[in-house]
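The values are calculated or read from the model by the stated rules, or taken from the named source; none is laboratory data. Keep in mind that this is a model prediction, so the values were computed, not measured. Cβ: placed from backbone, ideal geometry, glycine included. Neighbour counts: every protein chain shown.
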Amino acid sequence: MNIPFAKVSMAGNELKYITEVLKSGWLTTSSKAFQFEKLFADIVGAKYACTVSSCTAALHLAVEAIGIKTGDKVLVPSLTFTATAEVLRYIGADPVFMDVEYGTSLISPALLRKSLKANPDIKAIIIVHYGGQSPVMTSSDGEGIIDICRQNNIRVIEDAAHAFPTKFGNRFIGTFGDVTCFSFYANKTITTGEGGMLVTDDENIYKRAKTMRLHGINRDVWERFTSNKSSWEYDIIAPGFKYNMPDINAAVGLAQLEKADYFRDQRQRCASYYLHEFERIHVIDLPVCIGPIENHSWHLFPVTIRTEAPVSRNEFIIQMGQAGIGTSVHYKPLHRMTYYKETYNLNPDDFPNTERIWNGTVSLPIFPDLTNRELEYICQTTKRILLNNGV
Ligand SMILES: *Cc1c(COP(=O)(O)O)cnc(C)c1O
């Protein structure tokens, strides 16, 4: 067998919608992107959605739009992809890295309180919905992540690159924080090849992001001050970026959106299969669900190989590869990356849970088209490696 770590599903209306774009003669941001924005906003229950060229672009626009400035400090979990932190450096702000919980791999209210106590000058936080699960956002006792941020006057950006469609309680991720950023990169839960979406309920953030998405061009401002609205004339209100999403990509996104529920259900089938099969294997720790399994988008299925296992994580990855099974690691933490380590003088001892996760974690294949026969093979191979090796 040969099972890749990830595989896109493109069996819907992708080609049909792309063809419509090609025939329209208008390839850049237009009606398909606007439709995609409208549908996406409706699904997550947000007022505004803004298509962009990547989640990294969305995060950059988000940080800019909420007014983060040079020298501002922003909390970021160390267990994430570099995009979460690098966008702060784009504008000269500084990431302050924090540990996550073992089990969920998410930031927790307790860890947040601890980080805020140690860094009273924090301006904002970027929450990462690791693997597709949300941390406790709100709580009736005021101890949810959002509650704590509001109490401390901290702006909230959500890196929801893994988290569509994810819920906390009965609400979709998208409107808990000030602004939420989704990824449609090739291996994410729905894809446009490359692409992202910025979502918010805040009109000012939306307007700023929309303007900065395309060179800082603002027709609204111009029209406010002129009586004869010439369509060729516009104003530039800031040195913006080139972050818009072409309609060809949006066409793929629209088709993917139609199947998002089906995709999610299929990934849950895979997750349930793994959770059941590995229930009694004590040398691995399974991902911990803090809410109903249906609230999780299951972008990833990471397991942590314990130190008492007969093989190390690295050896496990090699043996899985020899058996034709693709795996990956999420993530080598940012405090171990040369740039962040040296710039911020970071010490692994300050991230004990993240270190434990990093040392043992491996992500198993999880995608809609993964068959039960393939799942059975992955589980048998995992058990062979972890239970029989050298025993
Ligand atoms: C993929 C990813 C991103 C970046 O998404 P792009 O669309 O590739 O820019 C950001 N954060 C996390 C956690 C990711 O996994």
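Take region 290-315 and flag every residue that is outside any loop (DSSP other than H, G, I, E, B) and either free of Cβ contacts under 8 Å to residues at least 12 places away in the same chain or more than 16 Å from residue 131 (Cβ to Cβ) (or both). Give the steps one after another, and end with the answer.
We begin by selecting, within region 290-315, every residue outside any loop (DSSP other than H, G, I, E, B); these are 293-295, 301-305, 313-315.
Within region 290-315, 305, 313, 314, 315 meet the criteria.
For region 159-211, which positions are surrounded by fewer than 24 Cβ atoms within 10 Å (Cβ to Cβ), within 16 Å of the ligand (Cβ to nearest atom) and free of Cβ contacts under 8 Å to residues at least 60 places away in the same chain?
Within region 159-211, 193 is the sole residue that qualifies.
Please verify whether region 92-100 includes one or more residues that are among the acidic types (Asp, Glu), assigned to a loop (DSSP other than H, G, I, E, B) and either farther than 17 Å from residue 133 by Cα or at pLDDT 95 or above (or both). Before the answer, list the steps.
First, the residues of region 92-100 that are among the acidic types (Asp, Glu): 94, 99.
The next check asks that each one be assigned to a loop (DSSP other than H, G, I, E, B); those that pass are 99.
Next, from what is left, pick out any that are either farther than 17 Å from residue 133 by Cα or at pLDDT 95 or above (or both): 99.
Yes, region 92-100 contains at least one residue that is among the acidic types (Asp, Glu), assigned to a loop (DSSP other than H, G, I, E, B) and either farther than 17 Å from residue 133 by Cα or at pLDDT 95 or above (or both).
Go through (1) among the polar types (S, T, N, Q); (2) assigned to a loop (DSSP other than H, G, I, E, B); (3) under 17 Å from the mean Cα position of the chain (by Cα) one by one and return the number of the condition residue 84 breaks.
Residue 84 satisfies all of (1) among the polar types (S, T, N, Q); (2) assigned to a loop (DSSP other than H, G, I, E, B); (3) under 17 Å from the mean Cα position of the chain (by Cα) except (2).
Output the residue which, of all residues in region 64-81 that are among the charged types (D, E, K, R) and either assigned to a helix (DSSP H, G or I) or without any contact (Cβ under 8 Å) to a residue 40 or more places away in the chain (or both), is farthest from residue 361 (Cα to Cα). Write out each step before concluding.
First, pick out the residues of region 64-81 that are among the charged types (D, E, K, R): 64, 69, 72-73.
Pick out the ones that are also either assigned to a helix (DSSP H, G or I) or without any contact (Cβ under 8 Å) to a residue 40 or more places away in the chain (or both) and you get 64, 69.
Values: 64: 34, 69: 35 Å.
The selected residue is 69.
Among the residues of region 230-289, which ones are in a loop (DSSP other than H, G, I, E, B), of a type in the set (A, V, I, L, M, F, W, C) and touching a residue at least 12 places away in the same chain (Cβ under 8 Å)?
Going through region 230-289, the residues in a loop (DSSP other than H, G, I, E, B) turn out to be 230-234, 237-241, 243-246, 259, 278-283, 286-289.
From what is left, the residues that are of a type in the set (A, V, I, L, M, F, W, C) are 232, 237-238, 241, 245, 278, 281, 283, 286, 288-289.
Passing the criteria: 237, 238, 241, 245, 278, 281, 283, 286, 288, 289.
Conditions: (1) farther than 22 Å from residue 2 by Cα; (2) surrounded by fewer than 16 Cβ atoms within 10 Å (Cβ to Cβ); (3) not hydrophobic (A, V, I, L, M, F, W, C). Residue 296 meets all but one. Number of the miss?
Condition not satisfied by residue 296: (2).
Out of everything in region 109-131 that is under 29 Å from residue 303 (Cβ atoms) and out of contact with any helix residue (DSSP H, G or I) (no Cβ under 8 Å at 6 or more places or on another chain), what residue ends up being surrounded by the most Cβ atoms within 10 Å (Cβ to Cβ)?
130
Checking residue 106 against (1) over 25 Å from residue 304 (Cα atoms); (2) part of a loop (DSSP other than H, G, I, E, B); (3) aliphatic (A, V, I, L, M), only one condition comes out false. Which one?
Residue 106 satisfies every listed condition except (1).
For region 318-328, enumerate the residues that are in a loop (DSSP other than H, G, I, E, B) and surrounded by fewer than 16 Cβ atoms within 10 Å (Cβ to Cβ).
Within region 318-328, the subset in a loop (DSSP other than H, G, I, E, B) is 323-324, 326-327.
Across region 318-328, the qualifying residue is only 324.
Given 58, 49, which one is in a helix (DSSP H, G or I), in contact with a Leu (Cβ under 9 Å, 6 or more places away or on another chain), more than 19 Å from residue 151 (Cβ to Cβ) and in contact (Cβ under 8 Å) with a residue 40 or more places away in the chain?
On the way: 49 fails: in a helix (DSSP H, G or I).
Only one candidate passes the filter, namely 58.
Output the residue which, of all residues in region 81-95 that are within 14 Å of the ligand (Cβ to nearest atom) and more than 11 Å from residue 343 (Cβ to Cβ), is surrounded by the most Cβ atoms within 10 Å (Cβ to Cβ).
Across region 81-95, the extreme among qualifying residues is 87.
Restricting to region 300-331, give me the number of residues that are aromatic (Phe, Trp, Tyr), under 16 Å from residue 281 (Cβ atoms) and within 16 Å of the ligand (Cβ to nearest atom). Before you say what the answer is, go through the steps one by one.
Step one: of region 300-331, the residues aromatic (Phe, Trp, Tyr) are 301, 316, 331.
From the residues that got through so far, the ones that are under 16 Å from residue 281 (Cβ atoms) too are 301, 316.
Subsequent filtering for residues that are within 16 Å of the ligand (Cβ to nearest atom) retains 301.
Number of matching residues: 1.
Just to verify a result, which residue in region 329-363, among those that are out of contact with any Gly (no Cβ under 9 Å at 6 or more places or on another chain) and closer than 18 Å to residue 319 by Cβ, is surrounded by the most Cβ atoms within 10 Å (Cβ to Cβ)?
Applying the filter and picking the extreme gives 361.
Kindly indicate whether any position in region 335-355 is in a loop (DSSP other than H, G, I, E, B), more than 16 Å from the ligand (Cβ to nearest atom), closer than 23 Å to residue 84 by Cα and of a type outside the set (A, V, I, L, M, F, W, C). Outline the logic, then answer.
Initially, region 335-355 is screened for residues in a loop (DSSP other than H, G, I, E, B), giving 337, 345-347, 351.
Still in the running and more than 16 Å from the ligand (Cβ to nearest atom): 345-347, 351.
Among the residues that remain, those that are also closer than 23 Å to residue 84 by Cα are: 345-347, 351.
With the extra rule that they be of a type outside the set (A, V, I, L, M, F, W, C), the set shrinks to 345, 347.
Yes - at least one qualifying residue is present in region 335-355.
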